[in-house]
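Colleague: Here you go, one structure.
The values are calculated or read from the model by the stated rules, or taken from the named source; none is laboratory data. The structure presented is a predicted model; accordingly, all values stated were derived computationally and were not measured. Cβ placement follows ideal geometry from the backbone for every residue including glycine, while neighbour counts extend to all protein chains displayed.
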Ligand SMILES: Nc1nc2c(c(=O)[nH]1)N[C@H]1C(S)=C(S)[C@@H](COP(=O)(O)OP(=O)(O)OC[C@H]3O[C@@H](n4cnc5c(=O)[nH]c(N)nc54)[C@H](O)[C@@H]3O)O[C@H]1N2
Ligand SMILES: Nc1nc2c(c(=O)[nH]1)N[C@H]1C(S)=C(S)[C@@H](COP(=O)(O)OP(=O)(O)OC[C@H]3O[C@@H](n4cnc5c(=O)[nH]c(N)nc54)[C@H](O)[C@@H]3O)O[C@H]1N2
Ligand code: SF4
Ligand SMILES: [Mo]
């Protein structure tokens, strides 16, 4: 028998005849990869690819981005508006006019009866920035409810809050390019290879060129932890203890950057006094990291010529989320690692446009990082929109996580949900069901008609998705990038932008405001609002063509900067420029050491650790941790429908340590019942050493699963829930019954 090449058929890739490539930006995670969608001569989408010239992804895409073009005609998409008198009754198809009239009428009726704030609006981090700006105008300028927030409270609220406390303003100060310059990277509760695969690829490229230590802080042995030089398997919820102890060592051994501290920060005495209490010997018993390890890591970090920290949900989703961010900033400030190549505090953002909503949606404030609490800001925006300043409240209303309890108590009677699925994504699902059933009126605006939350709605608006629309996203490193409109919206679904514009016509009697007819018109308006001396969030030098030509531009990018770039290249046609040089906005913030605080100095804020978690005990002996897998996005409304994503992770499962399973007589791949003080869930066990003996991990993508169990205690500053620190126990269960239940729950 002959083995070998001669008898093998060569792999052939079927030719896809692409006539035209259209420019878009990925609509899943915040990495912000540029994707080109390929259309054949009949205008049909046949393929897609990463844009080779885009600085972010340099031709690469992860599994979700590669298959994203398959979602346009995926099952369950909303085809027409729907209405019904009562939740759970059958829906009746209706026209857009009728659905909108009904919604506007109900909003007005509820507001007239119970007050303006009794109707709440909850949006997302997944619309286009122009849509966020338009929604903000509608809600703040016309509907006039103060209970307006986004699902970003589940996601980035702690990062926002921590940045504001330390630096006086939101805005991640670093960029992916920092990997090329750093001498030490510390990652807190962030699993890049699965959650931001292309950021991870950028990090790996940098590491291959020039080795530097990678330190991962995560209670679980994640894929990133497996690649780390040092893995610190921290006790959940205790990161601030570790960081305080590191600072203790740094001060004790005189490794801090006194010059930076003296020139650019305030509060050093208070910080020093606090961390004096956090000697590693004591701290190790709280955070679970050996005292010598703490010293080693502190020395590596402080002695590195440049060091940087990144973090994601392991920090943000905790009762000390905002404090965790502040403490990471403290560590970087005292070592002089802010605003310098390779030295930064870089929050890794979650959703594709969580940054855009922070910047422009007016959730929790006013557009362009302006605050309701500041008279000057209220006046500026009111004048710009042409309304009376007194229409704005003088402080922000309820956060998303406080809106649901306010529905339960009857303070809020009506709700408009836009691109978020709280029935699956919110902690303590039994309470969310109660809240939903308490609503007099719920309108759900989503791409998918079969989204779980739609079970409770009175009106459903079918939304267009991703490249069925046009507009911008801002990614983790403040890069504004564009999605071109590639195809028409599916069936009778409509772009969210159109829905907000149409709805605004029904509120003109309150305030008549100009709403530009196109997303590009809205972008031009935002540019004007973004100008201002000393403000970081300046996008006035950008335009759709220039963004596409540069394949994304980082803010700040002022008109003056745009003029310089134009002169430098000597051409004014952006497509000609593209051949010559990519534009580059400012890669980093605070390079001059001037912060957005009243004194211009960064705040060093002492953070005292208080153990307020729901910790394991005799009755509920396990930590319940939750998070994500690479092939699914959130509540699977999209990736659950894309066969090539779903097939790799079709079943809800739970990671459990083999030793603790043996003690309880639980077998690999058997079903178990997991019980917490809130409820129970049936899951299949995967035995693995990824988790320690006292921990369980369940991906949160599946409905009727981990969020039936979570408590979600709130961070006092950011109101973000502690999704990752809960207590539970594991019980054996009848296998046949469990299999049936799992089928019923759309698990396969
Ligand atoms: N494939 C995929 N990618 C995504 C998403 C997705 O759904 N799927 N979602 C996007 C969004 S919106 C977000 S927010 C990001 C989330 O991105 P990540 O935060 O990286 O992902 P998670 O799995 O939620 O959590 C990360 C880690 O936090 C750890 N952790 C738990 N408790 C603690 C703790 O107390 N301290 C520390 N240091 N770590 C802890 C967990 O063990 C987990 O490994 O991903 C984005 N990218
Ligand atoms: N236990 C646990 N729970 C968690 C987390 C965790 O780690 N553990 N993570 C939390 C985090 S960080 C996040 S960000 C949240 C996410 O929570 P959600 O935002 O509730 O989850 P998604 O599935 O992303 O919901 C977005 C919805 O918007 C729809 N959609 C997509 N694009 C568009 C569009 O263009 N227009 C409209 N109108 N609709 C659109 C989708 O179909 C989907 O139904 O979950 C949180 N929940
Ligand atoms: S890394 Fe994120 S932005 Fe890039 S293709 Fe994957 S999901 Fe999309
Ligand atoms: Mo998120």
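Colleague: State whether one or more residues within segment 291-304 are farther than 14 Å from residue 187 by Cα, in a loop (DSSP other than H, G, I, E, B) and more than 16 Å from ligand 1 (Cβ to nearest atom).
Modeller: Among the residues of segment 291-304, at least one is farther than 14 Å from residue 187 by Cα, in a loop (DSSP other than H, G, I, E, B) and more than 16 Å from ligand 1 (Cβ to nearest atom), which makes the answer yes.
Colleague: Can you name the residue in segment 179-195 that is part of a helix (DSSP H, G or I) and farther than 17 Å from residue 313 by Cβ and, of all such residues, is nearest to ligand 2 (Cβ to nearest atom)?
Modeller: Of everything passing the filter in segment 179-195, 179 is nearest to ligand 2 (Cβ to nearest atom).
Colleague: Continuing with this model, one more query. Yes or no: residue 80 part of a loop (DSSP other than H, G, I, E, B), within 15 Å of residue 445 (Cα to Cα) and not assigned by TED's automatic domain parsing to the domain that holds residue 25?
Modeller: yes
Colleague: Go through segment 63-105 residue by residue and tally those that are farther than 29 Å from residue 433 by Cβ and in contact with a strand residue (DSSP E or B) (Cβ under 8 Å, 6 or more places away or on another chain).
Modeller: Number satisfying all stated conditions: 7.
Colleague: I need the full set of residues from segment 305-320 which are within 16 Å of ligand 4 (Cβ to nearest atom), closer than 20 Å to residue 153 by Cβ and not in a helix (DSSP H, G or I), in order please.
Modeller: 311, 312, 317, 318
Residues are listed down the side, and each one gets a yes or a no for (1) part of a helix (DSSP H, G or I); (2) buried (at least 20 other Cβ atoms within 10 Å of the Cβ); (3) within 15 Å of ligand 1 (Cβ to nearest atom):
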residue: 322; (1), (2), (3): yes, yes, yes
residue: 329; (1), (2), (3): yes, yes, no
residue: 336; (1), (2), (3): no, yes, no
residue: 349; (1), (2), (3): no, yes, yes
residue: 355; (1), (2), (3): yes, yes, yes
residue: 372; (1), (2), (3): no, yes, no
residue: 379; (1), (2), (3): yes, no, no
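Colleague: Given the condition buried (at least 23 other Cβ atoms within 10 Å of the Cβ), more than 16 Å from ligand 1 (Cβ to nearest atom), at pLDDT below 95 and part of a strand (DSSP E or B), answer yes or no: does some residue in segment 26-41 qualify?
Modeller: The answer is no; no qualifying residue exists.
Colleague: Of 364, 390, 345, which residue is away from ligand 1 (no atom under 16 Å from the Cβ) and in contact with a strand residue (DSSP E or B) (Cβ under 7 Å, 6 or more places away or on another chain)?
Modeller: 364
Colleague: Also, I was wondering about something else. Would you confirm whether or not segment 249-260 contains a residue that is within 14 Å of ligand 1 (Cβ to nearest atom), under 24 Å from residue 322 (Cβ atoms) and not assigned by TED's automatic domain parsing to the domain that holds residue 421?
Modeller: The answer is no, given that none of the residues of segment 249-260 is within 14 Å of ligand 1 (Cβ to nearest atom), under 24 Å from residue 322 (Cβ atoms) and not assigned by TED's automatic domain parsing to the domain that holds residue 421.
Colleague: Where in segment 393-439 are there helices (runs of 4 or more DSSP H), lying fully within it, with 2 or more residues that are within 16 Å of ligand 4 (Cβ to nearest atom)?
Modeller: 400-408, 422-425
Colleague: Next question, about the same structure. Is it the case that segment 635-642 has a residue that's exposed (fewer than 15 other Cβ atoms within 10 Å of the Cβ), farther than 30 Å from residue 329 by Cβ and not assigned by TED's automatic domain parsing to the domain that holds residue 330?
Modeller: No, that holds for no residue.
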